[in-house]
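One structure below.
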Amino acid sequence: MDSKKPLIAAIIVQITYAGMSMLSKAAFASGMNNYIFIFYRQAFGILFLLPPTIFFKRKEVARLSLGEICKIFMLALIGRTLVLIAYALGVNYTTAILGAAAFNCLPVTTFLFAVLLRMEKVKVGKASGMAKVGGLMLCVSGILVLAFYKGPFMNPLFNYHLFETHSHSQSHASPHKNWVLGCFMFLISSTSAGLWYVLQALIMKTCPSPLVLTCGQTLSSSFQLFIVAIAVERDPSQWKLGWNIGLIAVLYCGILVISLGNYLSCWVIKKKGPVFLAATTPLNLIVTIIGSQFLLSDGTSLGSIIGAILLILSLYSVLWGQSKERNCGDTQNSSQLPVAAKEEIEDSQLNQTSISASKC
């Protein structure tokens, strides 16, 4: 059962992220400001994260060095502030389904940064290396299809939806221009998130527990996003929260996404590494497609479906290449394993040595 816990946690993360995509789209369509929304969700998140962090991990918080605090602040800037702003703009300009589809290139961007930082290796002369390179090419192809080919539009299966999601912002510019801009925002978001996953895995080798890291990043991003939101929107009426979908979306993101989802993602990365978590992103797309049929009135286009298929193929091409290398006994990557996995291997090797010594 313990071996399945990271997989179960990763599935919960993707389901909560799918809910975030749909509710965010509904909140933006109701007229809520993008920047104010993402600030409020981080602010509500820190309200739920701060008490357990102080109660359970206050000693680790007290031991944080200035260098570790700076690392957490910069990690929040890359993986929370930049990712959230770009993703929110992308969802606002396109659809929640496209947002979930675009994030299927996250495993590929994560793998690419892992290669650049020498956490992963590519052997182009072998089948595993060719699969990884082919996955990167499929990822680029999927992104281009999503951005520049829409094709026939397919209406939702159901005529009655909980939320109408025809955003007001889409009437001020041509739909094609907004679509391309939204796809570009998704590219920025998924690229930054891939870098964030890899840097998070590196920082957690020396930095504190996932709870402290999650709380520190949420607090840092709350401050960063408040600066951005107050600079963009100074009308006090836009900052008021009413009893509407905006409040529901903020509470959902603050409680489930920020507190639960982000903590579990840190925990999974610590146990299994960044690529393992990124590999579960297709579930996000599946849940979003099913949920959007009931909750949202967006519909989808043929280009979105083709692009999503290409991104999923790119994902599993990279994963197949990695599994092929592991099955071939590539022990050179043992130093690149997550901290917990590396400790398990060292313990098993130590036990085997003691057993052989006792036999002698």
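Within the stretch 196-251, all pairs of alpha-carbon atoms sorted by distance into 10 Å bins from zero give the percentages 18, 33, 28, 18, 2.
Charging the Cβ of each Asp and Glu at -1 and of each Lys and Arg at +1, and nothing else, the dipole of the stretch 1-83 about its Cα centre rounds to 140 debye.
Taking 22 Å as R0, compute the FRET efficiency from the Cβ-Cβ separation of residue 247 and residue 7 and round it to 0.05. Computed FRET efficiency for residue 247 and residue 7 comes out at 0.10. Each residue of the stretch 77-84 was assigned a 3J(HN,Hα) from its phi angle through the Karplus expression (A = 6.51, B = -1.76, C = 1.60, θ = phi - 60°), giving 5, 7, x, 10, 5, 5, 4, 5 Hz with x at Gly and Pro. For residue 325, the accessible surface of its heavy atoms amounts to roughly 10 Å² (probe 1.4 Å, protein chains only, rounded to the nearest 10).
Within the shell defined by Cβ-Cβ distances under 15 Å, the residues around residue 211 carry a net charge of +4, with Lys and Arg each +1 and Asp and Glu each -1. Can you give the local net charge around residue 225? Use residues other than it whose beta-carbon is closer than 10 angstrom to its beta-carbon, Lys and Arg +1, Asp and Glu -1. Cβ neighbours under 10 Å give a net charge of +2. Within the shell defined by Cβ-Cβ distances under 14 Å, the residues around residue 199 carry a net charge of +4, with Lys and Arg each +1 and Asp and Glu each -1.
In a reduced charge model with +1 at each Lys and Arg Cβ and -1 at each Asp and Glu Cβ, the stretch 170-282 shows a dipole moment near 320 debye about its Cα centre.
The largest accessible area among 123, 59 belongs to the first residue in 59, 123, and the rest follow in falling order (1.4 Å probe, all chains).
The values are calculated or read from the model by the stated rules, or taken from the named source; none is laboratory data. Values in this document were obtained by computation on a predicted structure and should not be read as measured data. Here the Cβ is made from the backbone with ideal geometry for all residues, glycine too, and neighbour counts use every protein chain on show. Surface areas here come from the heavy atoms of the whole protein model, side chains and all, with no ligands, DNA or RNA. Shrake-Rupley method; radii C 1.70, N 1.55, O 1.52, S 1.80 Å.
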